[in-house]
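Asks: Mind having a look at this structure? Questions to follow.
The values are calculated or read from the model by the stated rules, or taken from the named source; none is laboratory data. The structure displayed is predicted, hence computed values, not measured ones. Note: ideal-geometry Cβ built from the backbone for every residue, glycine included; neighbour counts use all protein chains shown. Just the protein is used for accessible areas: all its heavy atoms, side chains included, with ligands, DNA and RNA removed. Shrake-Rupley method; radii C 1.70, N 1.55, O 1.52, S 1.80 Å.
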Amino acid sequence: MSPTAPAADPHPSDSYLLPVAVSTPAHSAVGDLLTYASARALPPGTLVRVPLGRREVLGVVWDAPPQPAPLPPGMAARPIASVLDGIAPLDAAWRRLVAFTARYYQRALGEVALAALPPQLRDLAPEQLARRLRRPTPPAHSPDGTSPSIALTAEQTSAAARIGVERGPFLLFGSTGSGKTEVYLHCVQRALAAHPAAQALVMVPEINLTPQLEARFRQRFAPQYGDAAVVSMHSGMTHPQRLKSWLAAHTGAARIVLGTRMAVFASLPGLALIVVDEEHDASYKQQEGARYSARDLAVWRGREQGAKVILGSATPSLESWHASIPTAEGGPGRYLRLHMPSRIGADAGGGTTADDGAGSGERTVAPVLLPLPLGEGGGEGLRPDPRPAAHQADKAGLPRLRLVDMGQQPRGAVFSPPLLAAITERVERGEQCLVLLNRRGYAPVLHCHDCGWKSDCPHCSAHQVFHKIDRTLRCHHCGAAQRVPRACPGCGNPDILPLGRGTEQLEEQLAALLRNVITPDRRAARVARIDADTTRAKGALEEQLAQVHSGEVDVLVGTQMVAKGHDFRRITLVAAVQPDGALFSSDFRAPERLFALLMQAAGRAGRDARYVAAQGSAPEMWVQTWHPDHAVYAALRRHDYPAFAARQLAERKEAGMPPFTHQALVRADARAQEAAQAFLQAACDAARGANLPGLDQVFLFPPVPLTIQRVANVERAQMLLESASRAALQRFLAAWQPLLHAERPRHRGLVRWLVDVDPQVI
Ligand code: ADP
Ligand code: ZN
Ligand code: ZN
């Protein structure tokens, strides 16, 4: 278990030459693998410490390349410093995953390999690590029984059965609250029971969602497999915790790993099942270093390692949705789509009746929908629902959408009278409301009416946001912060005003508007806010969520942070007050994201069917908009993701956008915009000059500045690459990489460059 010094070996210290993956600086000239000498033959995957320059670093012995690179004449390989004998070598499947990631996302192998390991493995000295490994683990709660389980509904039974017999990958397309998590639990249970060494990986997009998930999995599996069988992996954990989880997964002691995107790289020798929950979520795409998509890697890893893969969502990414269009319908049929349209307990009788419509996977239930009581005179500008009530039956108890046409509301009203009336009424009945605004702070900008001054960030091409609570102006891009000036820096006018609004202002205004509203337990209505500003302190989010759950809060104001995943039991109304911005964004994925966000948000309303039934009130999603006829809202009104997706896909096909083409971005950051663009242009010219493979099938767009062109005094430019063939794009990128490296030193003032394959933000 202790690291062995090669000197202790009786053989000469250079009898074996081994390729070792180490993390070298991103754009160094050093190749992917370095050669070291070892006294003993070490199998690939062995963790070692090796000298690199004047440091000693962690490395992974790698598979010998087909043609080992000869050492330059007169150069001897340096010896490996020590071997981490206490840790079994990383298996071939893990190494293939790392190698694929590096290749596909255009990064150095060593960088990806080392970033995929827990930090403590890199940072601890061998002796410290050896001590850590020797540390006795507290006796785990011993398994004493079988897992408690729950009777699945017909839809769940059917989905789980298909997952059991088909190969997948599966796209579990289930409404919010349709019981997807229960299907995951069921499939995990089946996978673990099938083989004593089987392991499952379950991923969620946000750290915030892991404690909730962990509690649910622990409750289900600890009785049978012991407490230690379930571990978490995410960046919110301390380094010792992460090492512990990683080792448990690597040794097989952990049977279930729950985590965020980084968990896709966990060493899981017994991997049998991978679940990617909320697979559409943008957080699965890493935004620095190797810009991998954990969802896409999960699918790759599953196929490669023979593990089943379930992607779950109520609003799948258009890529996954497209992949799940059956061949019979002219689609690629790569994923198997499983549909669960009904909300659990939509019949208000508890969700455990699994006896109807057996095997059909479809079930029609009568939703709890009551006529909407509106405040007097507040109906104006509200879109009546033109559809016959019968159409709603198959929508299975999902909240009804109320669109408020802001063109018909009093000018300048943040809350339209009908929405305010509806919130008031809910609060008076003791129900909770959630109000969403995707912008934190008090106001996005301060403004002087006299001279036109605006609170621009001196370092970025963006405004500084006004935070009233501490009277600061803060840049949300570079973090620069300053006190609000007493008077306009431009003209001295003491009257500078906030323009637009953020969550902080919304909370303040709503509290004022509801100040005379009394709850059934005779207290004044309470408004609270949850966003990145209120949850900075450790444990703050949990504390604030607990207040919502305990009913101390009547109206919760928040950003998208609260729209995702949380199981609020008493929220019956959700409102998006200003969602229109995304309708006209230059990013072609903006409508998709808006639709997903609003559907997710709607999913927070009326989650507890029994509560809703007891209250006799129908859950509702309110949207205030200036564009009530927009196709996004029309589809949302019908909870009709398939129609929305079909339309979006038709548009994307027409415009030659993903998933019908494949994209990559090259970004360049420099002191001056011209320098950034010059680098990109030169790289492009070099590619054409060398007539690189794949070039005939790849379209290179001209370099352009990013939407937010300057951040922290760095100018940013990018160049988009597009191809109908993923393989051609990959061939081109691989051949281009050395030219980009060669171009780099010719461009002074260039700060960095990077390649983003399958970029999510363009
Ligand atoms: P989703 O992941 O699709 O949002 P969940 O799996 O969290 O849905 O289920 C929503 C709620 O319904 C949870 O409170 C869950 O415990 C409950 N539930 C799920 N499946 C069943 C079932 N078969 N019988 C009773 N309750 C269920
Ligand atoms: Zn001024
Ligand atoms: Zn800034």
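Asks: Sort out which residues of region 736-758 are in a strand (DSSP E or B) and in contact with a helix residue (DSSP H, G or I) (Cβ under 6 Å, 6 or more places away or on another chain), and write them in order of number.
Replies: From region 736-758, those in a strand (DSSP E or B) are 750-757; that's our starting set.
Answer for region 736-758, where residues must be in a strand (DSSP E or B) and in contact with a helix residue (DSSP H, G or I) (Cβ under 6 Å, 6 or more places away or on another chain): just LEU750.
Asks: Working only within region 446-495, note down all residues that are more than 16 Å from ligand 3 (Cβ to nearest atom) and of a type in the set (S, T, N, Q).
Replies: Selection gives ASN493 alone.
Asks: Do we have VAL427 as at negative phi, part of a strand (DSSP E or B), of a type in the set (A, V, I, L, M, F, W, C) and more than 16 Å from ligand 3 (Cβ to nearest atom) here? I'd like the intermediate steps shown before the answer.
Replies: Details: at negative phi: yes; part of a strand (DSSP E or B): no; of a type in the set (A, V, I, L, M, F, W, C): yes; more than 16 Å from ligand 3 (Cβ to nearest atom): yes.
No; evaluated as a whole, the condition is false for this residue.
Asks: Conditions: (1) open to solvent by less than 10 Å² (accessible area, probe 1.4 Å); (2) over 24 Å from the mean Cα position of the chain (by Cα). GLU654 meets all but one. Number of the miss?
Replies: Of everything listed in (1) open to solvent by less than 10 Å² (accessible area, probe 1.4 Å); (2) over 24 Å from the mean Cα position of the chain (by Cα), GLU654 misses just condition (1).
Asks: Can you find, within region 22-34, the residue that is farthest from LEU740 (Cα to Cα) among those that are at pLDDT below 90 and among the β-branched types (Val, Ile, Thr)?
Replies: THR24
Asks: Conditions first: (1) more than 16 Å from ligand 1 (Cβ to nearest atom); (2) under 30 Å from ALA609 (Cα atoms); (3) touching a Phe, Trp or Tyr at 6+ places or on another chain (Cβ under 7 Å). ARG261 passes all but one, so which condition is the exception?
Replies: Here ARG261 clears every test but (2).
Asks: Oh, and also: Got a number for residues in region 487-507 being touching a residue at least 40 places away in the same chain (Cβ under 8 Å), within 16 Å of ligand 2 (Cβ to nearest atom) and either surrounded by 14 or more Cβ atoms within 10 Å (Cβ to Cβ) or not hydrophobic (A, V, I, L, M, F, W, C) (or both)? Show your work before the answer.
Replies: We begin by selecting, within region 487-507, every residue touching a residue at least 40 places away in the same chain (Cβ under 8 Å); these are 488, 490-491, 493, 495-507.
Checking the rest, the ones that are also within 16 Å of ligand 2 (Cβ to nearest atom) come to 488, 490-491, 493, 495-499.
After this cut, where a residue has to be either surrounded by 14 or more Cβ atoms within 10 Å (Cβ to Cβ) or not hydrophobic (A, V, I, L, M, F, W, C) (or both) as well, the list is 488, 490, 493, 495-496, 498-499.
Residues flagged as touching a residue at least 40 places away in the same chain (Cβ under 8 Å), within 16 Å of ligand 2 (Cβ to nearest atom) and either surrounded by 14 or more Cβ atoms within 10 Å (Cβ to Cβ) or not hydrophobic (A, V, I, L, M, F, W, C) (or both) within region 487-507 amount to 7.
Asks: Something else about it: Yes or no: region 603-615 includes at least one residue that is under 15 Å from ARG402 (Cα atoms) and β-branched (Val, Ile, Thr).
Replies: No, region 603-615 has no match at all.
Asks: Which one is least open to solvent (accessible area, probe 1.4 Å), of the residues in region 447-486 that are in contact (Cβ under 8 Å) with a residue 60 or more places away in the chain and under 19 Å from PRO705 (Cβ atoms)?
Replies: Within region 447-486, the match that is least open to solvent (accessible area, probe 1.4 Å) is CYS460.
Asks: A follow-up question, please. May I ask you to list the residues in region 321-337 that are part of a helix (DSSP H, G or I) and either surrounded by fewer than 24 Cβ atoms within 10 Å (Cβ to Cβ) or free of Cβ contacts under 8 Å to residues at least 12 places away in the same chain (or both)? Quick ask: steps written out before the conclusion?
Replies: Taking region 321-337 as the starting set, the residues that turn out to be part of a helix (DSSP H, G or I) are 321-323, 327-329.
Matches in region 321-337: HIS322, ALA323, THR327, ALA328, GLU329.
Asks: Name every residue in region 338-349 that is open to solvent by less than 50 Å² (accessible area, probe 1.4 Å) and not in a strand (DSSP E or B), in order of residue number.
Replies: The first filter runs over region 338-349 and keeps only residues open to solvent by less than 50 Å² (accessible area, probe 1.4 Å), leaving 338, 340-343, 345-346, 348.
Within region 338-349, PRO341, SER342, ARG343, GLY345, ALA346, ALA348 qualify.
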